[in-house]
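Enquirer: So that we are looking at the same thing, I have put the structure below in structure tokens.
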Amino acid sequence: MTKLAFTELTNSPIEFRGALDFDLRKQGISPRRLPDWTRMQVPEMMEVMLRMPSGVRLAFTTSSRSVELHVLTTRMVNEGADPRPMTFDLSIDDGEPLSQSSDAGNDILLFADRPGEYELKRGDAYTVRFDELAAGEKYCQLWLPQNAFVELRSFSIEAGSSLGPPPAIERSWVHYGSSISHCMEAGQPTGVWPVVASRRGGIELTNLGFGGQCHLDQFVARTIGELPADLISIKVGINVANMDSMRERVFTPALHGFLDTLRERKPDTPVILVSPIYCPCAEEHPGPTIPDKNGKFVTIPGSEDMRVGCLTLTRMREIIADVVEKRNAVGDAQLHYLNGLELFSEKDAHDLPDDLHPNPAGYARMGQRFADRVFSGDSLLSQLTQGSD
């Protein structure tokens with residue numbers, strides 16, 4: 001085997017698509033999904049989420065018939081719950097992915113009755129190997145698990161095989177969202193709904209979906225504005241309800257401000273604002289939300305006198321649609337609205353096991369619907385896949 005040590009990976013023909021920075025460790029490197037300059041501004045829990053590489057993949061070409069990645073992964077496990085395996089997907093020439101799953105590595109145990117406390121159970125590094133690949137030169141994307149921290153220690157191919165850069169990116173899409181875009185509940189990294197949509201639409205994705213952390217932060221707007229993008233989408237609202245982090249007075253100008261920052265850098269790029277998908281407890285009742293003893297998310301009742309200006313999902317959809325309409329009216333013809341209920345509605349609630357996050361089947365359907373609505377035929381932005389400007 002020909003091995004690249006972790007110190008060689010970022011200076012090799014391999015491209016880390018979807019990663020904007022790396023943590024350098026004693027034995028490996030870990031991708032991050034925001035650039036280095038944001039570190040001092042990122043809240044602690046957001047730092048946790050951006051270190052989980054949802055949508056991040058190693059892109060390369062090779063003639064090797066086997067590919068190995070030596071890694072140490074760390075996942076979060078709720079006490080008493082069955083831990084989700086960490087899955088790596090290898091897609092070849094954009095075909096159906098091959099998958100390898102593992103329960104090795106470190107576990108961080110979380111305790112419902114002791115918020116903020118955790119226990120680290122150390123595990124071992126391990127090797128993910130894909131064998132019996134097709135002969136000849138091929139374009140590979142090795143997708144990292146979306147539900148764990150991943151420390152990359154080495155990469156190997158067969159001795160004497162070629163290793164080259166991937167094809168150049170023709171069209172690129174940057175998506176910003178919440179846990180429902182991070183998709184920790186998906187069964188595999190190519191099951192993350194923006195990944196499903198990007199693969200169906202033939203467009204390269206940078207996924208800035210951060211569990212619990214979509215609050216229209218300006219450092220995210222500036223990051224998006226500095227990235228190559230033929231399409232930008234912003235799926236906002238559910239985290240604002242989850243944390244009751246903004247009321248109507250703040251949410252509306254914050255959304256305008258986020259768009260203003262984007263437009264300063266990308267005045268003509270198509271932007272889609274996506275409102276929240278269906279969440280039964282928050283449709284007509286404002287947050288914050290918490291899981292109950294059965295693991296279902298419910299809203300916390302509050303004094304009606306203190307609820308003036310609090311946001312329900314129904315009201316958020318009205319506000320987001322109104323923001324788009326008003327900005328269209330003053331000349332932003334490349335700003336579009338997509339109602340989140342077109343992606344996942346009350347009719348899909350059977351695939352909402354905790355009444356907040358879709359299951360793998362729900363995420364797959366969301367990705368298919370987004371691709372159909374945005375990329376295919378005479379859809380909203382069909383010019384992106386037809387190569388027109």
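Enquirer: Check Leu152, Leu142 and return the single one that is under 23 Å from the mean Cα position of the chain (by Cα), of a type in the set (A, V, I, L, M, F, W, C), under 12 Å from Thr87 (Cα atoms) and in the same structural domain as Val77 (by TED's automatic domain parsing).
Expert: When all the criteria are applied, what remains is Leu142.
Enquirer: When residues of the stretch 58-116 are filtered for being closer than 17 Å to Pro360 by Cβ and among the β-branched types (Val, Ile, Thr), how many remain?
Expert: 1
Enquirer: Condition check: touching an Asp or Glu at 6+ places or on another chain (Cβ under 9 Å), more than 25 Å from Glu96 (Cα to Cα) and of a type outside the set (Ser, Thr, Tyr). Does Pro189 satisfy that?
Expert: For Pro189, the condition - touching an Asp or Glu at 6+ places or on another chain (Cβ under 9 Å), more than 25 Å from Glu96 (Cα to Cα) and of a type outside the set (Ser, Thr, Tyr) - is not met.
Enquirer: Condition test on Ile319, is it under 21 Å from Gly211 (Cβ atoms), in the same structural domain as Leu205 (by TED's automatic domain parsing) and not in a loop (DSSP other than H, G, I, E, B)?
Expert: Against the criterion (under 21 Å from Gly211 (Cβ atoms), in the same structural domain as Leu205 (by TED's automatic domain parsing) and not in a loop (DSSP other than H, G, I, E, B)), Ile319 does not qualify.
Enquirer: Might you let me know whether the stretch 260-272 holds any residue that is assigned to a strand (DSSP E or B) and modelled with pLDDT of 95 or more?
Expert: yes
Enquirer: I'd like to check something: does the stretch 123-143 contain any residue that is surrounded by 22 or more Cβ atoms within 10 Å (Cβ to Cβ), touching a Cys at 6+ places or on another chain (Cβ under 8 Å) and closer than 19 Å to Arg51 by Cα?
Expert: No, that holds for no residue.
Enquirer: Continuing with this model, one more query. Part of a loop (DSSP other than H, G, I, E, B) and at pLDDT below 95: which single residue out of Leu384, Leu311 fits that description?
Expert: Leu311
Enquirer: Scan the stretch 77-130 for residues that are touching a strand residue (DSSP E or B) at 6+ places or on another chain (Cβ under 8 Å), small (Gly, Ala, Ser) and modelled with pLDDT of 90 or more and jot them down.
Expert: Within the stretch 77-130, Ser91, Ser99, Ser101, Ser102, Ala104, Gly105, Gly123, Ala125 meet the criteria.
Enquirer: Could you tell me whether the stretch 273-283 includes any residue that is polar (S, T, N, Q) and over 21 Å from the mean Cα position of the chain (by Cα)?
Expert: Taking every residue of the stretch 273-283 in turn, none turns out to be polar (S, T, N, Q) and over 21 Å from the mean Cα position of the chain (by Cα).
Enquirer: Shifting gears a bit: Please verify whether the stretch 34-47 includes one or more residues that are part of a strand (DSSP E or B) and either modelled with pLDDT under 95 or surrounded by 21 or more Cβ atoms within 10 Å (Cβ to Cβ) (or both).
Expert: No; the residues of the stretch 34-47 include none that is part of a strand (DSSP E or B) and either modelled with pLDDT under 95 or surrounded by 21 or more Cβ atoms within 10 Å (Cβ to Cβ) (or both).
Enquirer: Looking at the stretch 81-98 only, could you name the residues that are in contact (Cβ under 8 Å) with a residue 12 or more places away in the chain and either in a loop (DSSP other than H, G, I, E, B) or touching an Asp or Glu at 6+ places or on another chain (Cβ under 6 Å) (or both)?
Expert: Pro83, Arg84, Pro85, Asp93, Asp94, Pro97
Enquirer: Could you identify the single residue in Arg17, Arg57 that is under 25 Å from Asp131 (Cα atoms) and crowded, with 22+ Cβ neighbours inside 10 Å?
Expert: Just one listed residue meets the conditions, Arg57.
Enquirer: Sort out which residues of the stretch 61-75 are surrounded by fewer than 23 Cβ atoms within 10 Å (Cβ to Cβ), of a type outside the set (Ser, Thr, Tyr) and closer than 17 Å to Leu144 by Cα, and write them in order of number.
Expert: Answer for the stretch 61-75, where residues must be surrounded by fewer than 23 Cβ atoms within 10 Å (Cβ to Cβ), of a type outside the set (Ser, Thr, Tyr) and closer than 17 Å to Leu144 by Cα: Glu68, Leu69, His70, Leu72, Arg75.
Enquirer: Give Asp305, Asp332, Asp322 a once-over and let me know the one that is surrounded by fewer than 17 Cβ atoms within 10 Å (Cβ to Cβ) and either under 18 Å from Ser245 (Cα atoms) or modelled with pLDDT under 95 (or both).
Expert: Criteria check complete, one pass: Asp305.
The values are calculated or read from the model by the stated rules, or taken from the named source; none is laboratory data. Here the structure is a predicted model, which is why all the values come from computation and not from measurement. Every residue, glycine among them, receives a Cβ derived from its backbone with ideal geometry; neighbour counts consider all protein chains shown.
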